[in-house]
Amino acid sequence: MSDRTLISSGSSFEALAGYSRAVVVGDDVLVSGTTGFDYTRMTIAHDAVAQTHQCFANIAQALAQAGCTLDDVVRVQYLLTDAALFEPLAPIFGQYFRIARPAATAMVVGLVDPRMKIEIQVTARRRSV
């Protein structure tokens, strides 16, 4: 497992549940489901739009630590707590992925904290130099 690197956001959730924000294996970067928590303050906005922007900020930070960007994302899964959220959030997804245009799935699910309205999971591929 010498080509495996663990990336942490510093969130207390990671230590508690025994997972990493992202795992890098070779050129693949697998980012865990990421919510709208501001991990430095451990707070979350009530608004789904604000949570979505925070999700992308959190994901971008993990990707940067792995040596890539949102433009390197090849797969995304959106987990929404309400189907009605898709319409207002879809343009935000398009804003962040206008270049990458990854394969995507959106699902309606229950999340572990009732304050969470969205969780986003991505897979990226680092570009060969």
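A short reminder: the numbers here are calculations on the coordinates, not readings from a lab. Everything quoted here is computed from the prediction, not taken from an experiment. In this analysis, Cβ positions are derived from the backbone assuming ideal geometry, glycine residues included, and neighbour counts consider all displayed protein chains.
Whole number please: convex hull volume per residue, Cα atoms of the stretch 55-102, in Å³.
74
Loop-only chymotrypsin sites (Phe, Trp or Tyr not before Pro) in the stretch 1-65, please: DSSP not H, G, I, E or B, and at most 11 other Cβ atoms within 10 Å.
Nothing satisfies the criteria.
Taking the Cβ-Cβ separation of GLN77 and ASP3 as r and a Förster radius of 30 Å, what is the calculated FRET efficiency to the nearest 0.05?
0.80
How much of the DSSP bridge set in the stretch 4-124 is antiparallel, in percent, rounded to the nearest 5?
If I count the DSSP bridges inside the stretch 4-124, around 80 percent turn out antiparallel.
DSSP loop (so not H, G, I, E, B), at most 15 other Cβ within 10 Å: list which trypsin sites (Lys or Arg not before Pro) in the stretch 13-90 pass both filters.
ARG41
Can you list the residues, at least 5 places off or on another chain, whose amide H is less than 5 Å from the amide H of TYR39, using H built in the peptide plane?
Hits under the 5 Å cutoff: none.
Starting from the amide H of ASP28, placed 1.01 Å from N in the peptide plane, find each other amide H under 5 Å away whose residue is 5 or more places distant or on another chain.
ARG126
Take every Cα-Cα distance within the chain, group them into 10 Å bins from 0 onward, and report for each bin the whole-number percent of pairs it holds.
13, 46, 34, 7, 0
Can you tell me the relative contact order of the chain? Whole percent, Cα pairs under 8 Å, sequence separation 6 or more.
Computed over the chain, the figure is 30 percent.
Residue by residue, what Karplus-based ³J(HN,Hα) values in Hz, rounded to whole numbers, does the stretch 33-48 have, using 6.51, -1.76 and 1.60 with θ = phi - 60° and x for Gly and Pro?
My calculation for the stretch 33-48 gives x, 10, 9, x, 5, 7, 5, 6, 9, 6, 10, 9, 6, 6, 6, 5 Hz in order.
Please give the charge dipole size of the chain, origin at the Cα centre, charges +1 on K and R Cβ atoms and -1 on D and E Cβ atoms. Round to the nearest 20 debye.
Roughly 220 debye for the chain.
Name the long-range amide H neighbours of SER9: under 5 Å, sequence gap of 5 or more, or other chain; modelled H, no Pro or chain starts.
So SER9 has HN proximity to ARG21.
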